[in-house]
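What follows is calculated from the coordinates using simple rules that are stated; it is not laboratory data. Keep in mind the model is a prediction, meaning the values are calculated, not measured. Ideal geometry is used to build each Cβ from the backbone, glycine not excepted, and the neighbour counts take in all protein chains shown.
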Amino acid sequence: MRIQLGLTRTAVMTATLVAGMLPCGRVQAQTAAPRSEPPTRLVVFITVDQMRESYLERYAGQLTGGLGRLLRGGACFRNAYHDHAVTETAPGHSVVLSGRFPRSTGIVANGAGVLDPQAALLPPARGPGASPFRFRGSALIDWLRNADPASRALSISRKDRGAILPLGRAHQQAYWYASPGVFTTSTYYADTLPTWVQRFNARAEPRSYAGKTWSLLLPDSAYPEPDSVPVEGAGRDFTFPHVLPSDSTVLGALAEYPFMDQVTLDLALEGLIALALGASPHTDLLAVSLSTTDAIGHRYGPESREIHDQVLRLDRMLGTFIDSIYRLRDSTTVVFALTADHGVTPFPELHARTAEEARARRVDMGPLMTPIISGLARRGVPASAFTFSDFMLTVNRAAFAAAGVNADSVVADFAARARTIPGVARVDYVARLARGDTVHDAVTRRWAHMLPPDVPVPVVVTLKPGYVSAGTSADHGSPYDPDAHVPVMFYGPPFRAGKFTRTVRVVDLAPTLARALGVRPIERLDGRVLEEALRPARPGPERTLAAPARP
């Protein structure tokens, strides 16, 4: 039987760290405090891909669903930031439930995220294999299972990295959307799809949206944004209504429509029921990463009518999702937390004073590499040994040594050329970052938090604020606050309702959840417990806690 969620288908760091915090230090795993009875049986963790914190403030009066509920009844941190430099989906998702920066999780960019040819997708899905084999260390589900091996986790997303990385390396259940319009997993997790996922795929819900129209949820007067901005959508289909293809191409196009989030939530609720998550005397985890805000934000930008309507629809969907969970589980045993993997920088064209400035704010680094790669090829160094991606230069020194070429001299040449490119703010040698001002200089600190010492990246490049890579979309990935500022919200019995304004970091989310659940991280974390979010613990039976890992 199909489970229907939502309304009708036509409706819906600052640069200064917390006082006393060592900017680049590691925080030891903290002692857990037992919580009151009844204990939490279900943690619902929601990541909204590319959700700027400013959306909550901007649309607050219109948020009547799940976002509104968390905003008004939860512990909401209005100044929460990802404190690493490459603000992309994979690094962000590696942080949210691990409490550690990418320098510790090992996930430094989307390209070096979850792709794994040894972990093939399960049929009928097609596409590249995926697994968390690059992820290092532990995450919340590991801490839960260390205290109680019966705890289980389910993670759902449109994106493979959104489903995989919140669970770390745990062999739990993770499912994501793939061609030809089905949810799948990889051989890292299972040999066959479970019956409940097969049933969901057989209903072909994504195909049911063929030809469907995305119209405004509210009257036109409720949206102050103009609906006539040609820079949106690269000048194509930038006004409402937006109509999905009526043929099979709807399966791919659905990613840029709010309905994709509905499909994801439908599967998440069906999984909760099929696996009986939260129905036993153990604490289970349901992680849901909703990717549509990212797709719409890239296409139409964070100041568009489309993103406004998407957030309103997401609010309504989450409201019904929460209500559905409360009908299935005792609300006093359920905890919700919500954040985002990154924010986004607006279209440069909308903030430049002239057309020339707008063009300058789109920076193409490609011409920088062409002569260097050509010169290296003539000297016997393959192009794969010297690559530049996500503003990081990667060097295979063994390949340079085999060709008898001095890698350091080529790196220095690259750095000198990069500094001359209009739009480049700085070029940093990674080895020098830790000796920089990581307290007052957010860019230095965020790059220092980005890279493990064994990753062969000698140099990183930072564009000027408001500048993005060449292309036509709104973009993210920089160390600046528009890409780093995201919501952090907790909701449920252990948490104190209120709006908190001190600067916190997304790495603080996992240790705070661990404290609320009465479990102990099994390794040192970069985050700290947000004590002000927690209600005083009433006396109750203690959980059996595993001993912390040695430093």
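General observations
- Sparse-neighbour loop sites [trypsin sites (Lys or Arg not before Pro); region 223-305; at most 13 other C-beta within 10 Å; DSSP]: Arg236
- From phi via Karplus (6.51, -1.76, 1.60), per-residue ³J(HN,Hα) for region 44-56 in Hz, x at Gly/Pro: 10, 10, 10, 10, 9, 5, 6, 8, 6, 4, 4, 4, 5
- Dipole magnitude (debye, nearest 20) for region 353-469, charges at Cβ of Lys, Arg, Asp, Glu: 180 debye
- Between Asp441 and Thr420, the simple spin-label model (points 7 angstrom out along Cα→Cβ) gives 2.4 nm.
- Whichever lysines have a C-alpha closer than 27 Å to that of Lys464, once near sequence neighbours (fewer than 8 apart) are set aside: none
- Rounded, prolate or oblate (a/c below 1.5 giving rounded, otherwise prolate when a/b exceeds b/c) for region 77-225 by Cα gyration tensor: oblate
- Each peptide in 256-262, 124-130 gets a packing score, the mean of other Cβ atoms within 10 Å over its residues, and the list from highest to lowest is 256-262, 124-130.
- Computed with the Debye formula from one identical point scatterer per Cα of the chain, without solvent, the log10 of I(q)/I(0) at q = 0.08, 0.09, 0.11 Å⁻¹ comes to -0.51, -0.66, -1.00.
- About its Cα centre, the chain has a charge dipole of approximately 1100 debye under the convention of +1 per Lys or Arg Cβ and -1 per Asp or Glu Cβ, with nothing else charged.
- C-alpha center-to-center spacing [region 239-285, region 295-349] in angstrom: 13 Å
- Distant-in-sequence amide H partners of Met51 (H built 1.01 Å from N, under 5 Å): Asp341, His342
- For region 163-173, Karplus couplings with θ = phi - 60° (6.51, -1.76, 1.60), whole Hz, Gly/Pro x: 7, 7, 6, x, 8, x, 9, 4, 8, 9, 10
- Positive-end residue of Thr187, Leu517, Gly127, charge dipole of the chain with Cβ unit charges: Leu517
- Derived scalar couplings ³J(HN,Hα) [region 247-255; Karplus, 6.51 cos²θ - 1.76 cosθ + 1.60; whole Hz; x for Gly, Pro]: 10, 5, 5, 4, 5, x, 5, 4, 4
- Each Lys and Arg Cβ is given +1 and each Asp and Glu Cβ -1; about its Cα centre, region 286-430 then shows a dipole of about 380 debye.
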